[in-house]
Amino acid sequence: MTFVVEVFVLDAQMNSPMVSSTRILLSDSDFEGLKAQGGENEYLIEAYFANAKEATRFQNDYENAGLPQDGQAVTYSMIFLLSAITDIIMAFVLLLVSMLLVAVSFICVKFTIMAALEEEITEIGTMKAIGLPFKDIRNIYLLKYKILAITGVTIGYIIALLSSDLFTHHISITFGNMSLSVFAILFSLIVSGLMYLVITVYAKRILKKIKNLTVVDSLVKGSGISNKKEKVKDGLHKSKKLSINWLMSLREIRYRFKKWGIVFSVVVLAVLMMMIPINLMNTFDSPEFVTYMGSSLEDILIEVDNGDTIEENYAKVIEVLDNDDDISKYYTYRRVRVQSMNTDGELMNLYIDTGDNSGKELRYIAGGAPNFENEIAISYLNMNEIGKDVGDTIIIYFEGNEQDFVISGVYQDVTSGGYTAKSIYHFSNLVSQKYTLSVDLLDSSIANQKADAWSNIIDTGVSIDPMADFIDQTLGGVVRQLNIVVGLIVMVGALLVVLITVLYLKLRLVKDYSNIAIMKAIGFSYQDLTKQYLIKIGTVALMGITLGVLLTNLLGERIVNAVLRMSGLGLQSVGLIVNPLIQFVLIPLMVLGLILLTTWIVLKTMKKYNIIAIINE
Amino acid sequence: MRTILNVENLFKSFGKTTVLNNINFEVKEGDFISIMGHSGSGKSTLLYSISGMDKPTSGKVFLCNQEISNLADAEMSELRLSKMGFVFQHSYLLKNLSIKDNIVLPGFKLARKSRDQVNDHADALLEKTGITHVADHDIKKVSGGQLQRAAICRALINQPVILFGDEPTGALNSSTSKEVLDIINRINNEGTTVILVTHDVKVAARSDEIIYLMDGNIEDRMTLGKYENDNMRTKAREKKLYEWLEAKGL
């Protein structure tokens, strides 16, 4: 029978080689036609529990009852793991970026208001001089910011409602569509209202500066809104070599760094905002990541699945591998089912991958691979279930026997629902549940070719995947989604840096107006002044970038691991894999370049300054 | 004496309003000229136009035989740094620098001399103007007179050929004003050409010549000759000038 592929359906339950089963949806008539041609029937038994934890107990009971187990048991944790990992990672990245954006937007609000007040300081002084009370003056500005805040919050709320599909697209196509509940709408309304309140209170606090401004300060002395006394550091004349533009700029950064705090903080936040998701993406994209997933890193992964023909299939695979000269080495792991005791004192099924090399190529959270037959390494989720740690002894029950094993190490595993163990003890008499073979070729580049060739020789019931395909099928979705989001984040980060640079420089130029005029009058050219601002902002940006990169390395992993632990994916600790070219060259250069370019453009407004008007003021 | 400044057919308009109307005059090396006139007569505009702070609408200004009215920003800055000194009504020192740092700044920028030489020159100027004791002070912690002296030191640090002043004693009390004027006269006697804008008879009486502006035109000129630090003669110069100005209704 031939079929035409109409559409691909995302299958939350069986969409990965980890589940080792693929479903094809047919029409009733096609199915009847196919059934008439013979073949075996396979039944899918689905059980729903009020409490998802009951699934493990059900699985144990089913397996122990000796009922048919030709297929793969797909538990909720597996479905959750395989389908939700993308959304969990995306939600985390978006949450992290949102938090940083909120921090930056408050900085923006502060500087926008400050710039407005600086520009209108004479008007404020005049209003004070004619006797307007502080509250009346403040309310003129506050009303403006209240209107802006309510407009912004409303537009943001509408955009959020309209764009929620964009962010929930993946989750709805895998888990099904869920319309927005009244609670969700109400909750987002409350959050929006809170946002408005917080902005208003914050604006009020900043506007309080008007209270302390005196008529003399604003109209006579011409001092700024933030009238803090600044100490003058004598010593410029002691410098022997540094060019005057560098000298003046570096002295300002050294003695008046606080003035540049805004640029510094925003650069740090922007670098963090961009680098953590980039590193996360690199990590998921890296071949090494599979070692965090309970799998070793090799060229080809062969899985011989459970079924009546498992031993025959395995023998055939071994025969093919033994006769292939392109193989440098391969390891065999046999999965058996035994029992152990969980923290509640109940017997639980434990799947152990046995083999001489078992657990050798994994990354361990604690301890290491089993080296002796009485040792066992267990997955992190099993460690929680059993309630034992490295060095403890656990009793394994199999075929009516009890045997003590010492826990040699704990690793993180996202395969088989995260509940696995590794041992070099053979459990010879036990039925094999699965065989996994990791194959290394002499020439890794022919992995695809080899996998195809072996697939043609070996029958069904065996899946042969080049590691790259395995990774792509398990993590490809996450990486692709992350790629899009990281692109967006980098754009947002870049825009943020530009926006803050413009806002800050506008404020700075207003404050430096008279200094610029003085410097011009004594013989500094616009080129000199531009150079000075570029040196100042460039130095501050470089310091911010350096701290941002340092913090990314120090905190990035901790933040990511904290979230991964919370997500229940079975991942406890992941070392972020850094691409040095991106982290140490491209992103720093982009941020620095953008800041310098923006500064250069903004400073062109200096040429419009009327020095004489400033001097005559 | 060589010509330091030559102004030819200078016009300056703001929109349809003509502020300077065909100004022509010449300043010789070592001259001390005061520009006087009513408010709005164009005296400050003339000072800014001839000093390159502002571009004239038409006409030419030559400083040491170099046409300056259409110089690019960098060339004008270089010229301002090397040949001109400015003293304004307010000292306009940079707030984030000490007195001495303010003074050496143009010297370091021009870099015609070594930093040590600039520092030595600054020390000499500080001593000459009597403010050595406040050299390392914050500019907010010294008096108006000391600030104005510091501004003069800054204007002289690169040994300019010409010193421009816009009401340099306008913000000072009479005794401080006298001290500042004494310094300016001393500088002039040492060879620096000085052009001041003032409405104060006591200041103008210190100059060799007065240019009187009326509605953007040079209406009259008066020569007083070189100033000598003699009380009687100073009084006589002030009286003569006062009567001259009175006749013009100032």
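The values are calculated or read from the model by the stated rules, or taken from the named source; none is laboratory data. Computed from a predicted structure; not experimentally measured. All Cβ positions, even for glycine, are placed from backbone atoms using ideal geometry, and neighbour counts span all protein chains on display. Note: areas computed on protein heavy atoms with side chains; ligands, DNA, RNA excluded. Shrake-Rupley method; radii C 1.70, N 1.55, O 1.52, S 1.80 Å.
Could you list, in sequence order, all residues of the stretch B:11-57 that are assigned to a strand (DSSP E or B), within 23 Å of B:E78 (Cα to Cα) and open to solvent by less than 20 Å² (accessible area, probe 1.4 Å)?
Taking the stretch B:11-57 first, the residues assigned to a strand (DSSP E or B) are B:11-14, B:17-28, B:32-37.
Keeping just the survivors that are within 23 Å of B:E78 (Cα to Cα) gives B:26-28.
Hit for the stretch B:11-57 is B:V27, nothing else.
Of all residues in the stretch A:254-275, how many are loosely packed, with under 15 Cβ neighbours inside 10 Å and either away from every other protein chain (no Cβ under 12 Å) or of a type in the set (S, T, N, Q) (or both)?
Qualifying residue count, the stretch A:254-275: 3.
Condition (residue is open to solvent by 40 Å² or more (accessible area, probe 1.4 Å), within 32 Å of the chain's Cα centre (by Cα) and modelled with pLDDT of 65 or more) applied to the stretch A:23-38: is it met by at least one residue?
Yes: the stretch A:23-38 contains one or more residues that are open to solvent by 40 Å² or more (accessible area, probe 1.4 Å), within 32 Å of the chain's Cα centre (by Cα) and modelled with pLDDT of 65 or more.
Of all residues in the stretch B:170-197, which are assigned to a loop (DSSP other than H, G, I, E, B) and over 11 Å from the mean Cα position of the chain (by Cα)? Write out each step before concluding.
Step one: list which residues in the stretch B:170-197 are assigned to a loop (DSSP other than H, G, I, E, B), which gives B:170-173, B:190-192.
Once the filter is applied, which keeps residues that are assigned to a loop (DSSP other than H, G, I, E, B) and over 11 Å from the mean Cα position of the chain (by Cα), the stretch B:170-197 yields B:G170, B:A171, B:L172, B:N173, B:E190, B:G191.
Taking A:R251 as the residue in question, decide whether it is in a helix (DSSP H, G or I), within 12 Å of chain B (Cβ to nearest Cβ) and either in contact with an Asp or Glu (Cβ under 7 Å, 6 or more places away or on another chain) or at pLDDT 75 or above (or both). Walk me through how you get there before you give the answer.
On the way: in a helix (DSSP H, G or I): yes; within 12 Å of chain B (Cβ to nearest Cβ): yes; either in contact with an Asp or Glu (Cβ under 7 Å, 6 or more places away or on another chain) or at pLDDT 75 or above (or both): yes.
Yes: the conditions hold for A:R251.
Between A:A366, A:A315, which is open to solvent by less than 70 Å² (accessible area, probe 1.4 Å) and free of Cβ contacts under 8 Å to residues at least 12 places away in the same chain? Please lay out each step first, then the result.
On the way: A:A366 fails: free of Cβ contacts under 8 Å to residues at least 12 places away in the same chain.
Result: A:A315 is the single residue among A:A366, A:A315 that is open to solvent by less than 70 Å² (accessible area, probe 1.4 Å) and free of Cβ contacts under 8 Å to residues at least 12 places away in the same chain.
When only residues in the stretch A:39-64 that are open to solvent by 70 Å² or more (accessible area, probe 1.4 Å) and aliphatic (A, V, I, L, M) count, which is modelled with the lowest pLDDT?
The residue in question is A:L44.
Just a yes or no: is a residue in the stretch A:555-577 open to solvent by 10 Å² or more (accessible area, probe 1.4 Å), part of a helix (DSSP H, G or I) and within 14 Å of chain B (Cβ to nearest Cβ)?
no
In the stretch B:67-123, which residues are surrounded by fewer than 17 Cβ atoms within 10 Å (Cβ to Cβ), assigned to a loop (DSSP other than H, G, I, E, B) and facing another protein chain (nearest Cβ under 8 Å)?
The answer is B:K95, B:A111.
Given the structure, is B:Y242 of a type in the set (F, W, Y) and surrounded by fewer than 16 Cβ atoms within 10 Å (Cβ to Cβ)?
Details: of a type in the set (F, W, Y): yes; surrounded by fewer than 16 Cβ atoms within 10 Å (Cβ to Cβ): yes.
So B:Y242 fits the description; yes.
Please state which one of A:I130, A:I210, A:I206 is of a type in the set (A, V, I, L, M), surrounded by fewer than 11 Cβ atoms within 10 Å (Cβ to Cβ) and over 26 Å from the mean Cα position of the chain (by Cα). Even if it seems obvious, please write down each step before you answer.
Numbers: A:I210 fails: surrounded by fewer than 11 Cβ atoms within 10 Å (Cβ to Cβ); A:I206 fails: surrounded by fewer than 11 Cβ atoms within 10 Å (Cβ to Cβ).
Residue meeting the stated conditions: A:I130.
Taking the options B:V134, B:V87, name whichever one is in contact with a strand residue (DSSP E or B) (Cβ under 6 Å, 6 or more places away or on another chain) and either within 28 Å of B:V203 (Cα to Cα) or not acidic (D, E) (or both). Lay out the reasoning, then the answer.
Details: B:V134 fails: in contact with a strand residue (DSSP E or B) (Cβ under 6 Å, 6 or more places away or on another chain).
Being in contact with a strand residue (DSSP E or B) (Cβ under 6 Å, 6 or more places away or on another chain) and either within 28 Å of B:V203 (Cα to Cα) or not acidic (D, E) (or both) holds for just one of B:V134, B:V87, which is B:V87.
Restricting the search to the stretch A:162-175, which residues are open to solvent by less than 70 Å² (accessible area, probe 1.4 Å) and either in contact with a Leu (Cβ under 8 Å, 6 or more places away or on another chain) or more than 16 Å from A:V485 (Cβ to Cβ) (or both)?
A:S164, A:S172, A:T174, listed by residue number.
If you check B:K60 against the conditions, is it among the basic types (K, R), facing chain A (nearest Cβ under 8 Å) and not in a loop (DSSP other than H, G, I, E, B)? I'd like the intermediate steps shown before the answer.
Working: among the basic types (K, R): yes; facing chain A (nearest Cβ under 8 Å): no; not in a loop (DSSP other than H, G, I, E, B): yes.
In short, no.
Among the numbered conditions (1) touching a Gly at 6+ places or on another chain (Cβ under 7 Å); (2) under 23 Å from B:H199 (Cβ atoms), tell me where B:V27 comes up short.
B:V27 satisfies all of (1) touching a Gly at 6+ places or on another chain (Cβ under 7 Å); (2) under 23 Å from B:H199 (Cβ atoms) except (1).
Open to solvent by less than 10 Å² (accessible area, probe 1.4 Å), within 24 Å of A:A521 (Cα to Cα), of a type outside the set (S, T, Y) and modelled with pLDDT of 90 or more: which single residue out of B:I210, B:I162 fits that description? Full working, then the answer.
Numbers: B:I210 fails: within 24 Å of A:A521 (Cα to Cα).
One residue alone meets the criteria, B:I162.
Hey, which of the strands (runs of 3 or more DSSP E) in the stretch A:402-498, taking only ones fully inside, have at least 3 residues that are touching a Leu at 6+ places or on another chain (Cβ under 9 Å) and open to solvent by less than 40 Å² (accessible area, probe 1.4 Å)? Reasoning before the result, please.
Numbers: elements: A:421-423, A:432-441, A:462-466.
Hits in the stretch A:402-498: A:432-441, A:462-466.
So, in the stretch A:517-554, exactly how many residues are within 14 Å of another protein chain (Cβ to nearest Cβ), surrounded by fewer than 20 Cβ atoms within 10 Å (Cβ to Cβ) and without any contact (Cβ under 8 Å) to a residue 60 or more places away in the chain?
Number satisfying all stated conditions: 1.
Residues A:D234, A:D324, A:D308: which one is in contact with a Ser or Thr (Cβ under 7 Å, 6 or more places away or on another chain) and charged (D, E, K, R)?
Working: A:D324 fails: in contact with a Ser or Thr (Cβ under 7 Å, 6 or more places away or on another chain); A:D308 fails: in contact with a Ser or Thr (Cβ under 7 Å, 6 or more places away or on another chain).
Just a single option satisfies the conditions, and that option is A:D234.
I'm trying to understand the selection: among the residues of the stretch A:347-373, which are in contact with a helix residue (DSSP H, G or I) (Cβ under 8 Å, 6 or more places away or on another chain) and of a type in the set (D, E, K, R)? Explain how you work it out, then say what you get.
Step one: filter the stretch A:347-373 for residues in contact with a helix residue (DSSP H, G or I) (Cβ under 8 Å, 6 or more places away or on another chain), giving A:347-351, A:361-363, A:365.
Once the filter is applied, which keeps residues that are in contact with a helix residue (DSSP H, G or I) (Cβ under 8 Å, 6 or more places away or on another chain) and of a type in the set (D, E, K, R), the stretch A:347-373 yields A:E361, A:R363.
Quick check on this structure: which one of A:N349, A:N384 is more than 21 Å from A:F470 (Cα to Cα) and open to solvent by 20 Å² or more (accessible area, probe 1.4 Å)? First the steps, then the outcome.
Values: A:N349 fails: open to solvent by 20 Å² or more (accessible area, probe 1.4 Å).
From the options A:N349, A:N384, the qualifying one is A:N384.
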